[in-house]
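Below is one structure, written out as structure tokens; comments come after it.
Rule-based calculations on the coordinates, nothing more; no lab input. Keep in mind that this is a model prediction, so the values were computed, not measured. Glycine gets a Cβ as well: all are built from the backbone with ideal geometry, and neighbour counts include every protein chain shown.
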Amino acid sequence: MVALEEFTKAITDLDEEKAIHLVNEFLASDPSQGDITEAIKACQEGMSEVGNRYEAKDYFLAELIFSSEVFRRVMELIRPRFKRTAAQRIGKVALGTAKGDIHDIGKDIVRTMLEAGGFEVHDLGVDVSSQQFVNTIEEITPQIVGMSGLITPTFDSMKATVDAIKAAGLREDVKIIIGGNLVDQVVSEHVGADGFSNSAPEGVKICKRWVGVLE
Amino acid sequence: MKESADELLHQRVHRLKTAISLNEPDRIPIFFQTLSWIPHYSGLTVQETSFDYGSLIRAIEKVIQDFEWDGIWSPGGIWPAPVFIALGQTQYLVPGESLDARSSFQFPDVSCMEPDEYPEFIADPYAFIVEKIMPRRCTELTKPFPRNAISLAKGALEFGRYLTLMDAAYERWRQVYGMPVLTKGLTGAPLDILADFYRGIRGLLIDIKRRPEQVKEACEALLPLQIKFAKVSYGEPKTDFPPIMLPIHIATFLRPSDFAEFFWPTFYKLVIAIVEMGLTCLLMLEGTWDPYLDYLAQLPKGKFLGLMQHVDMKRAKAVLGNNMCIAGNIPCSLLGHRTQEEVLAYAKKLIDTCAPGGGYIFAADSTLLSLNDAKPENLLAVTKFVKEYGGYRK
């Protein structure tokens, strides 16, 4: 039986070969659903530790991107064997790059880290209109809406989306977080978001606090 | 008496050159990185100005006259859309086509080179780019001869027409308004080019983990082409003003050890070659460059203009003050959304920190794309402030 700490360490150390090898070894040992849940948690802890190393300025964006890729490959192998229940998710996030912006590198990092953090993420893609965000809120009732934008014109789309959510009478039902290299306090206030971050791991922590999981 | 265009041109160029060479000019030079802000300021869409080059030129002339900075940012980022269309180009998204007409050009992160193609690339990068990358990027080039040749000719002729028109406009701005364009020509560090144009950013960053030796070899193989690109795009004569433009995207994704191993070696060789050609260089230091300042301090003295975004400017001045002219950092979020008082307070603090001893130019923290990146009244107010407060007492 594979030791769970080895999963965590392989992910944290970005040892892709080791991580894939461990997963295959683990799955070959005919694990129970309980075992699989624990293994996934161990991988998630690895991603959380990657986030910590990023905040400590040991890891940089390249490591966030690579860890997402390793985590994706691991989960691709595990997922078919895992009967997931809704109770295991800590919250739902509707995520997208706002209208007029097609950049997705940052958004994709956030998506993976939110999933690794226990959230159910509905990724709407790029160039997402206000109406699409509103429709998604109505359909899946997420606790959190996350908007990404790399370039400054996107901030106007983010503001338009917040206004549309208000107009639809849904503003009180969601917390809104925005992110991107040029997002700051001034932009966040202009947009009318509840929070912002330039760091994916920090953004995940903010979301966890909002659903009451983190102090 | 109002100064002549000739006098203004001489003063502005001298002021900028003095700052770049790390001396104290008569006052702090000022410019703003106005790009698609310019069409918006004239009530035009980016689409219009990327098809009708005359409308772009007129929109720039309005900004030149209304703000009277010491230089005008090169409009190169508003690409001539007909060239892209002639080639069937798929990497850059064109405003008015898959993007809103008012959008700036955007570049999704796409890869048109497979990881197993590194050996072929390394063996002959030029052949690989011409024979594999370009047809993958430009659908017209995949058509059989003579269709592909006709499309290439159309695109090349249109690009030549655009360059001729713009060169004439640049010369007109010098003669009529005394306004120099801030940069000439362009190149990129090999690692950046690999990421931006061939493997994609995500692809390249993963390659650094999975096949580090091939990445390094690919950078070395590409280096001569990037030196040549600088040489040809700048043209003649090779002189110390305007500087050549060097955008940088990939560097701040890297942890310092990977920056040192993968980005720096071929970047350094490239910029040394640029300096040896007799040029100066504008480095677009977007993102947070604090972890890498000690590397920049190794560059040849007085030959670089570091245009900063989020760096700690006090530390940048301390580390780089003796070797590189620094500029930038005033946030577009302030310029676009806050009061004149807040803008001027930030400007004063920035000037007090960065100006002493010279080697400092006043500019924004990022390229102005949206009209909301700077309120015109804030730009006017801060320009007036810098001209009054930014004098060097002799």
Hey, got a sec? Which GluC sites (Glu not before Pro) in segment A:107-179 land in a DSSP loop and have at most 16 other Cβ atoms within 10 Å? none
With the crude spin-label approximation of a point 7 Å out along Cα→Cβ, what separation in nm comes out for B:Thr239 versus B:Arg211? 4.5 nm
Taking N as the number of residues in segment A:127-215, what value does Rg over Cα atoms divided by 2.2 N^0.38 Å take? 1.02
Simple spin-label estimate for A:Ala167 and B:Ala260 in nanometres, 7 Å along Cα-Cβ: 5.5 nm
Give the distance, in whole Å, between the Cα centre of segment A:154-215 and the Cα centre of segment B:186-207. 31 Å
Volume in Å³ per residue [convex hull over Cα atoms, computed for segment B:54-190]: 139 Å³
For chain B, alpha-carbon Rg over 2.2 N^0.38 Å: 0.99
With a cut-off of 13 Å, note down the residues of segment B:99-116 whose backbone N falls inside the zone around a label point 7 Å from the Cα of B:Thr90 toward its beta carbon. B:110-113
Quick calc, B:Ser42 & B:Lys154: beta-carbon distance into FRET formula, R0 22 Å, rounding 0.05, result 0.15
With an 8 Å Cα cut-off and a minimum separation of 6 or more residues, compute the relative contact order for segment B:207-334 in percent. 21 percent
Between beta-carbons, use under 12 Å as the cut-off and find the net charge around A:Arg84, counting Lys and Arg +1, Asp and Glu -1. +2
Summing -39500 (n - 2.57) over every DSSP H run of at least 4 in chain B, dividing by its residue total and rounding to the nearest 500, the 222 nm mean residue ellipticity is -14000 deg cm²/dmol
For chain B, what's the relative contact order in percent, using C-alpha pairs closer than 8 Å and at least 6 residues apart? 22 percent
What base-10 log of the normalised intensity I(q)/I(0) is obtained for the protein assembly as shown from the Debye formula, alpha carbons as equal point scatterers, at q = 0.05 Å⁻¹? -0.23
If you take all C-alpha pairs in segment B:297-354, what percent of them are over 20 Å apart? 30 percent
Which percent of Cα pairs goes in each bin when the distances of segment B:216-306 are cut into 10 angstrom slices starting at zero? 15, 51, 31, 4
Considering only A:Ala94, A:Ala39, A:Ala167, give the residue with the highest GNM mean-square fluctuation for chain A, with springs between Cα atoms whenever their separation is below 10 Å. A:Ala167
Which distance in nm do the two modelled labels at B:Ser98 and B:Asp52 give, with both placed 7 Å along the Cα-to-Cβ direction? 2.7 nm
Would you mind calculating the relative contact order of segment A:1-52 from Cα pairs under 8 angstrom and at least 6 residues apart, reporting the percent as a whole number? 56 percent
Where in chain B are the helices, taken as whole DSSP H runs, whose Cα atoms extend 27 angstrom or more along the long axis and whose Kyte-Doolittle mean reaches at least -1.0? B:147-172, B:212-234
Considering only DSSP beta bridges whose two residues both sit in the protein assembly as shown, what percent are antiparallel, to the nearest 5? 5 percent
